[in-house]
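Take a look at the structure set out below.
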Amino acid sequence: QRAVGRGLPRPDGYGALDFGMSAEEARADWSGNPLEPAGAVDDPQACYHLSPAGQSTPAQLAFMFENDLFVRYSVESTEITAPGGGRVGMDESALEGLYGKRLQAMSHKYVEGGQVLMSPEDGGALPSQLIFELDAAGRVTSWRVGLAPQVGYVEGCS
């Protein structure tokens, strides 16, 4: 659990990390294992991810930075609960029980029979969205929270 770090997922950030802060500020404020890039960061203004060291895969919890600003986080871990209660492994009916009809469904770009469920933008100072990705069996495989347009990047940074 230490690798995940302290704090909870929020619509406007994660734990002590707020959307809009720089990577340097995020590293300084992070209380878990050190944040490390998944690969070489050639251009800090470009899009890249930082993840807590010691995770089984960098995608368990990943923080996206673009133009050196924290803009999104994504989760593939079953141990981290999304704002509102959603989790990896839940089915669509469980999500509907938590979020009602607020999530808009779209077909998944890459998963045959899969779908993407998106919340409306919240009313925060930096409006964010919550997005769940579901496989063909209707189970959550990952979720993310972030600012537009980055929250909508299906391929992450690529």
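The values are calculated or read from the model by the stated rules, or taken from the named source; none is laboratory data. Keep in mind the model is a prediction, meaning the values are calculated, not measured. Glycine also receives a Cβ, built like all others from the backbone with ideal geometry; neighbour counts cover every protein chain displayed. To get the accessible areas, we keep the full protein, side chains included, count just its heavy atoms, and leave off ligands, DNA and RNA. Shrake-Rupley method; radii C 1.70, N 1.55, O 1.52, S 1.80 Å.
Once neighbouring chains are kept in place and the probe is 1.4 Å, which whole percent of the accessible area of the chain is contributed by carbon and sulfur? Intermediate results must be reported in sequence, preceding the final value.
Details: 4060 of 7840 Å².
The C+S portion of the solvent-accessible surface of the chain is 52 percent.
What nm value, rounded to one decimal, do you get for the distance between Lys101 and Ala38 when each label is placed 7 Å out toward the C-beta?
Label-label distance for Lys101 and Ala38, simple model: 3.6 nm.
Only Cα pairs under 8 Å and at least 6 apart count here; give the relative contact order of the stretch 29-119 as a rounded whole percent. Before the final figure, lay out the partial values.
Numbers: 118 pairs, mean separation 13.3, N = 91.
Across the stretch 29-119, relative contact order equals 15 percent.
Skipping prolines and chain starts, which residues have an amide H placed within reach, meaning under 5 Å, of the one on Gly13, given they are 5 or more residues away or on another chain?
Phe19
How charged is the neighbourhood of Glu66? Take every other residue with its Cβ under 12 Å from the Cβ of Glu66, and add Lys/Arg as +1 and Asp/Glu as -1. Can you show the working numbers first?
Working: positive: Arg72; negative: Asp43, Asp68.
The answer is -1.
Using only alpha-carbon positions, what ratio does the radius of gyration of the chain give when scaled by 2.2 N^0.38 Å?
Numbers: Rg = 14.8 Å, N = 158, 2.2 N^0.38 = 15.1 Å.
Output field value: 0.98.
Extension gain Ala94-Ala46, at 0.36 nm per residue separation less the Cα-Cα distance, in nm?
Details: separation 48, 0.36 × 48 = 17.28 nm, distance 3.66 nm.
Result: 13.6 nm gained on full extension.
With the contact rule set at Cα under 8 Å and sequence spacing of 6 or more, what percent relative contact order holds for the chain? Don't jump to the answer; show the numbers that get you there.
Values: 334 pairs, mean separation 31.5, N = 158.
Once normalised by length, the contact order is 20 percent.
In terms of the Cα gyration tensor, with a ≥ b ≥ c the square roots of its eigenvalues, is the stretch 44-114 rounded because a/c is under 1.5, prolate because a/b exceeds b/c, or oblate?
Details: a/c = 1.97, a/b = 1.64, b/c = 1.20.
Cα axes put the stretch 44-114 in the prolate bin.
I want the local charge near Lys109. Using Cβ-Cβ distances under 15 Å, sum +1 for each Lys or Arg and -1 for each Asp or Glu among the other residues.
Numbers: positive: Arg144; negative: Glu112, Glu133, Asp135, Glu155.
Once all neighbours under 15 Å are counted, the net charge is -3.
Relative to the Cα centre, what is the charge dipole magnitude of the chain, using +1 at the beta carbon of each Lys and Arg, -1 at the beta carbon of each Asp and Glu, and rounding to the nearest 20 debye?
Values: 11 positive and 21 negative charges, 92 e Å.
Computed about the Cα centre, the dipole is about 440 debye.
What distance in nm separates the simple spin-label points at Ser31 and Tyr110, each placed 7 Å from Cα in the Cβ direction?
Computed distance between label sites Ser31 and Tyr110 equals 3.4 nm.
Give me the 1.4 Å probe accessible area per residue for the chain, excluding ligands and nucleic acids, in Å².
On the way: 7840 Å² over 158 residues.
Per residue, the chain has 50 Å² of solvent-accessible surface.
Using the Karplus equation 6.51 cos²θ - 1.76 cosθ + 1.60 (θ = phi - 60°), what ³J(HN,Hα) coupling, rounded to whole Hz, does each residue of the stretch 115-121 give in order, writing x for Gly and Pro?
8, 10, 10, 10, 7, x, 4
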